[in-house]
Amino acid sequence: MITAVNKRDSIVSSALVLFAERGYDATTIPMIATSAGVGAGTIYRYFENKEVLGNRIFQESLDIFTETVKNGFPHDESIRNQFHHIFKSMVNFTTEQDQALYFIKIHSAAHFLNEDSHASFQGLLDIFKNFFESGKEKNEIKKLPSSALIAIIYGAFLELERLVRIGELEPEPKLLADVEESFWDAVRLHA
């Protein structure tokens, strides 16, 4: 018998996969119920509607992503070591939560997101922004707007993740080290 916690987890994980693969708008509650192995009515015991479910998944995914980046952040180390931590955190999150990263990517400006979801996304972006601002103050990062620097790294990382997802690239250690160095080269201040 599926317990209440397992039912909720099954609903969330099934919805995450479907939202990532099909998109929020193309996914219905009956599809989620079928995938989760529960009745559609069971979903409504845990989530008022699909919008609430989508926001919960978005926020939980961002909470995991943000904690992955924050956990062990080397505040007292060099900007380069901090960048290494951020890159490794992004790789680790993607490895453990590949559907979540894709869901965040395609829904970060979605119509169904509420204020809390937007605040969660902004919280992640603020970590990156603070890193870049600190690096610019120390004359180690290019003097571009932080939003442009985030776009360079986050955007390129999302494309890298897509290539891994479709099987075009294998995330081998050497490739990841070279990509990290290329990303760093793109944002560091060259002497």
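The values are calculated or read from the model by the stated rules, or taken from the named source; none is laboratory data. Worth saying up front: this structure is predicted, and the values here are computed from it rather than measured. Positions of Cβ are backbone-derived with ideal geometry, glycine not excepted, and every protein chain shown enters the neighbour counts.
General observations
- All conditions in (1) without any contact (Cβ under 8 Å) to a residue 24 or more places away in the chain; (2) surrounded by 17 or more Cβ atoms within 10 Å (Cβ to Cβ); (3) closer than 17 Å to ILE106 by Cβ hold for ALA26, with the sole exception of (2).
- Check on ALA40, farther than 20 Å from GLU96 by Cα and either touching a helix residue (DSSP H, G or I) at 6+ places or on another chain (Cβ under 9 Å) or at pLDDT 95 or above (or both): yes
- Only listed residue being part of a loop (DSSP other than H, G, I, E, B), at pLDDT 95 or above and assigned by TED's automatic domain parsing to the domain that holds SER78, chosen from PHE112, PHE128: PHE112
- Any hit, region 127-146, residues being acidic (Asp, Glu) and within 17 Å of the chain's Cα centre (by Cα): no
- Flag for GLU67 being over 14 Å from SER120 (Cβ atoms) and exposed (fewer than 14 other Cβ atoms within 10 Å of the Cβ): no
- Condition met for PHE73 (crowded, with 20+ Cβ neighbours inside 10 Å and at pLDDT 95 or above): no
- Flag for LEU163 being part of a helix (DSSP H, G or I), more than 19 Å from PRO74 (Cβ to Cβ) and touching a Ser or Thr at 6+ places or on another chain (Cβ under 9 Å): no
- Residue count for region 136-180, restricted to those that are acidic (Asp, Glu) and surrounded by 13 or more Cβ atoms within 10 Å (Cβ to Cβ): 3
- When region 28-41 is filtered for residues that are part of a loop (DSSP other than H, G, I, E, B) and closer than 13 Å to VAL12 by Cα, the ones remaining, listed by number, are GLY37, VAL38.
- LEU101 being modelled with pLDDT under 95, within 14 Å of ILE64 (Cβ to Cβ) and assigned to a helix (DSSP H, G or I): yes
- All positions within region 2-27 that are part of a helix (DSSP H, G or I) and acidic (Asp, Glu): ASP9, GLU21
- Residue within region 140-154 that is of a type in the set (S, T, N, Q) and either touching a Gly at 6+ places or on another chain (Cβ under 9 Å) or not in a helix (DSSP H, G or I) (or both) present: no
- Contact map, region 176-191: first residue closer than 15 Å to ILE150 by Cα and touching a residue at least 24 places away in the same chain (Cβ under 8 Å), second residue of a type in the set (D, E, K, R) and in a helix (DSSP H, G or I), Cβ cut-off under 7 Å, separation 6 or more or different chains; pairs are TRP184/ARG80.
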